[in-house]
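Asker: Quick one: this structure, given as structure tokens, is what I'll be asking you about.
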Amino acid sequence: MSSPLYSWGRYPNRPQTGMTCGWRSEIPARLEQIITAHGSTLAYGNGRSYGDSCLAASDQVLNMRSLDRFIQVDWQQGTVMAEAGTTLGEILAIAIPQGWFLPVTPGTQFATLGGAIANDVHGKNHHLRGTFGNHVRRFGLLRHGQEILTCSATTTPELFAATIGGLGLTGVIAWAEIQLMPIRSSQINSTLVRFDNLSEFFALSAELDHKHEYSVAWIDCLAKGDKTGRGVFIVGDHAQYGSLDRDERPKRQVPLTPPISLINNLSLHAFNEAYWRLHPIQRTRKRVSYEPFFYPLDSILHWNRIYGRRGFQQYQCVIPDIAAEMAMRELLGAIADSGQGSFLAVLKRCGDITSPGLLSFPQPGTSLALDFPQKASLFPLFKRLDAIVSEAGGRLYPAKDAHMSGHDFRKAYPDWEKLEALRDPTLMSHFWKRVIA
Ligand SMILES: Cc1cc2nc3c(=O)[nH]c(=O)nc-3n(C[C@H](O)[C@H](O)[C@H](O)COP(=O)(O)OP(=O)(O)OC[C@H]3O[C@@H](n4cnc5c(N)ncnc54)[C@H](O)[C@@H]3O)c2cc1C
């Protein structure tokens, strides 16, 4: 019997039983087996979604992670076709030495190809390259009782659009082909600059985003008053010269889950203050390897365990440009007042490149993401934050969510009915059950 599977935040606490698929040809039989016994299921990638979107309503998932073979690569054109359980890190491992990189990557390289498509993930270059879905050429989709169907924007436009950002509900992605981006070096030239408040963040973003491939800010979410939104702005570009080496530094790990969270208000205040002070006032240039730049949290395996057995929730919203600065001020004010918060909150301007995905999360505006240890006092705080987001015309990210109301979801994602119409009726997540009820 294999160990139970969870989502990254371990909230809600819904252990999943995983049925493993060793070969693509086994997917239909495995799917049939779970559906016959339990009525419904859901594909599970590597459980890097925080909330309940990767948890099957039946608590019985089809574990795709062992489907991790490369099917076809073309280093002239920079295309990779691989099984859906292949992780983004595994793709980088073969692509970097050939001078190619993922055109879009989230903040973890442990996400799988299938998971990256199903959540239409975005990264630090959303303002230039859109979402992961913008770089998907085609994929193989298995719907219950059918053969694997090759989907693309031209051959099956509706299923293609519904599956990108489709939360795993339109079918099981067996394989996918993506277009990579050429690079000359795996090193990143980055510039860091400390800023004192939210207005300075928006000024820096307006000045720097269009000049750099990557842009993101880490902020101290507990700073109050005229320090609200202070943080460190980071931009970066692939170096033009240097090696095409992979980063193979050994990783540390949190060995076990403590009974209670190691994150408390004292440690949060101290850490946020120290992190901000650590960075000099002047702009600082650094050349860094790609791993610490894109995936700082991946260097500590199982870091989610520090939140203890109750787990944690991430709150990620995006607010349209017109209301962004005012709404961010209100959100950060409410968070600082509550005294609850994150080690590092992430602020990022999203661009206006349209995703092919029907239910894609990013929209032109500013995104804020923070982690909160799970406790009862989160609910009133989230209620307040949700009201600010809704009033500002923003929305929450399903990949991170475990609390959004059905009303807020349906208002923010009016195309949900189109996805529901194309959903494979044998696929159902706890998330979808919660928000469409
Ligand atoms: C440290 C960290 C940083 C992150 N940073 C970002 C970020 O910057 N930007 C961002 O967008 N996200 C970010 N995320 C979220 C993460 O990238 C997404 O949740 C991603 O989808 C997880 O992929 P996974 O393979 O683990 O999929 P899972 O979490 O297992 O599943 C996610 C969804 O994909 C579906 N799915 C998985 N495999 C398949 C398949 N083969 N066929 C059909 N559906 C499938 C599942 O049903 C589920 O709906 C981050 C997560 C972590 C832990």
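The values are calculated or read from the model by the stated rules, or taken from the named source; none is laboratory data. Source: prediction; values computed, not measured. Cβ placement follows ideal geometry from the backbone for every residue including glycine, while neighbour counts extend to all protein chains displayed. Keep in mind that these areas ignore ligands, DNA and RNA; they rest on the heavy atoms of the full protein, side chains included. Shrake-Rupley method; radii C 1.70, N 1.55, O 1.52, S 1.80 Å.
Asker: Between residues in the range 313-340 that are hydrophobic (A, V, I, L, M, F, W, C) and residues that are open to solvent by 20 Å² or more (accessible area, probe 1.4 Å) and in a strand (DSSP E or B), which pairs lie under 7 Å by C-beta distance while being six or more apart or on different chains?
Answerer: Final answer for the pair search is CYS317/ARG395; VAL318/ARG395.
Asker: Let me ask something else. Return yes or no: is THR87 of a type in the set (Val, Ile, Thr), within 14 Å of the ligand (Cβ to nearest atom) and under 20 Å from GLU248 (Cβ atoms)? Let's see the steps before the verdict.
Answerer: On the way: of a type in the set (Val, Ile, Thr): yes; within 14 Å of the ligand (Cβ to nearest atom): yes; under 20 Å from GLU248 (Cβ atoms): yes.
Yes: the conditions hold for THR87.
Asker: Related question: Quick check on the range 193-205. Is at least one of its residues more than 30 Å from PRO425 (Cβ to Cβ) and among the acidic types (Asp, Glu)? Break it down into steps so the answer makes sense when it comes.
Answerer: From the range 193-205, those more than 30 Å from PRO425 (Cβ to Cβ) are 193-205; that's our starting set.
Going one step further and asking which of them are among the acidic types (Asp, Glu), we end up with 196, 200.
The answer is yes; a qualifying residue exists.
Asker: Among the residues of the range 265-286, which ones are more than 30 Å from ALA239 (Cα to Cα) and either free of Cβ contacts under 8 Å to residues at least 24 places away in the same chain or not assigned by TED's automatic domain parsing to the domain that holds GLY339 (or both)?
Answerer: Residues satisfying the conditions are LEU266, SER267, ALA270.
Asker: Right, something else. Considering ARG137, ARG194, which residue is touching a Gly at 6+ places or on another chain (Cβ under 9 Å), among the charged types (D, E, K, R) and in contact (Cβ under 8 Å) with a residue 40 or more places away in the chain?
Answerer: Working: ARG137 fails: touching a Gly at 6+ places or on another chain (Cβ under 9 Å).
Unique residue meeting the criteria: ARG194.
Asker: Between a residue in the range 359-384 that is open to solvent by 20 Å² or more (accessible area, probe 1.4 Å) and any residue that is charged (D, E, K, R) and in a strand (DSSP E or B), which pairs come within a Cβ distance under 9 Å, given they are 6 or more apart or on different chains?
Answerer: That search, which allows pairs on different chains as well, returns GLN363/ARG395; PRO364/ARG349.
Asker: If you scan the range 74-98, which residues turn out to be open to solvent by 10 Å² or more (accessible area, probe 1.4 Å) and outside any strand (DSSP E or B)?
Answerer: The answer is TRP75, GLN76, GLN77, GLY89, GLU90, ALA93, ILE94, PRO97, GLN98.
Asker: Moving to a separate point now. Among the candidates GLY145, GLY165, which residue alone is more than 9 Å from the ligand (Cβ to nearest atom), in a loop (DSSP other than H, G, I, E, B) and surrounded by fewer than 24 Cβ atoms within 10 Å (Cβ to Cβ)? Reasoning before the result, please.
Answerer: On the way: GLY165 fails: surrounded by fewer than 24 Cβ atoms within 10 Å (Cβ to Cβ).
Only one candidate passes the filter, namely GLY145.
Asker: Another question, if that's okay. Can you tell me which residues in the range 64-73 are open to solvent by 30 Å² or more (accessible area, probe 1.4 Å) and closer than 20 Å to GLN33 by Cβ?
Answerer: At the first step, the residues of the range 64-73 found to be open to solvent by 30 Å² or more (accessible area, probe 1.4 Å) are 65-66, 68-73.
Listed by number, the residues that qualify are ARG65, SER66.
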